[in-house]
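The values are calculated or read from the model by the stated rules, or taken from the named source; none is laboratory data. Quick caveat: nothing in here was measured; it's all calculated off a predicted structure. As a convention, Cβ positions derive from the backbone with ideal geometry for all residues, glycine included, and neighbour counts pool all protein chains shown. For accessibility, only protein heavy atoms count, side chains too; no ligands or nucleic acids. Shrake-Rupley method; radii C 1.70, N 1.55, O 1.52, S 1.80 Å.
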Amino acid sequence: MKNYVSMFVMIIVGFILQTTLFRHLRIAGVSPNILVILTAIAGTTYGQYCGLFTGVISGLFVDMMFSSIIGVNIFIYAVIGFIIGMTNKMYIEDDLIFPTMTIAIGDIIYGVLFYVLKFLLRGRLRLTDYLINTIIPELIYTIILGVIVFKFAHWLDRKLNPPEPVHLGVETKPDDEQ
């Protein structure tokens, strides 16, 4: 339950940062997708159901604020969270490459699904322009910021869920009693 609460708080903070600060810190006309980062982190760290939860809440926030149709971003983020959550068993705690790859895959899935649902279905067929001008620059920016956010989320997870000691069934006495 702590995982869901901490992810919900991170979603709120990430959404506020994405819609305020990073709108002004655009590089090459794009800003990083912090909510994709958080969805990928939730799926990678906690599994498919926490990834799905994070994706649904993230998509709901985006749809409520910026979309005339509720559900498109919920679907996109939920797919990202659930698919990346299935890779949870391959995650090694101190590995940075695997979470970076999942953030990249999540951002690619977001870009492609967003293009299909928002542009392709309306007859706009310029995928290469969208790929070169939006998906690739956003992917690079999101990966760079994603490493920093992942490190923070990993630190926060260690503080909220400290590792429990493993007891091997052998009781030891303190040094002063021996």
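Here are some conditions: (1) aliphatic (A, V, I, L, M); (2) without any contact (Cβ under 8 Å) to a residue 40 or more places away in the chain; (3) over 18 Å from G55 (Cβ atoms). I144 meets all but one. Which one does it not meet?
(2)
Go through the range 26-138 and tell me which helices (runs of 4 or more DSSP H), entirely inside it, have 2 or more residues that are modelled with pLDDT of 95 or more.
In the range 26-138, 34-46, 48-66, 72-85, 97-118 are the helices (runs of 4 or more DSSP H) which contain 2 or more residues that are modelled with pLDDT of 95 or more.
Every residue, every condition in (1) open to solvent by less than 40 Å² (accessible area, probe 1.4 Å); (2) within 19 Å of P32 (Cα to Cα); (3) of a type in the set (K, R), yes or no:
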| position | (1), (2), (3) |
| --- | --- |
| M86 | no, no, no |
| I92 | no, no, no |
| A104 | yes, yes, no |
| R122 | no, no, yes |
| T142 | yes, yes, no |
| K151 | no, yes, yes |
| P165 | no, no, no |
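Considering only the range 21-46, state which residues are surrounded by fewer than 18 Cβ atoms within 10 Å (Cβ to Cβ) and of a type in the set (A, V, I, L, M, F, W, C).
Selection gives L21, L25, I27, A28.
Within the range 33-52, can one find any residue that is over 16 Å from the mean Cα position of the chain (by Cα) and of a type in the set (F, W, Y)?
No, the range 33-52 contains no residue that is over 16 Å from the mean Cα position of the chain (by Cα) and of a type in the set (F, W, Y).
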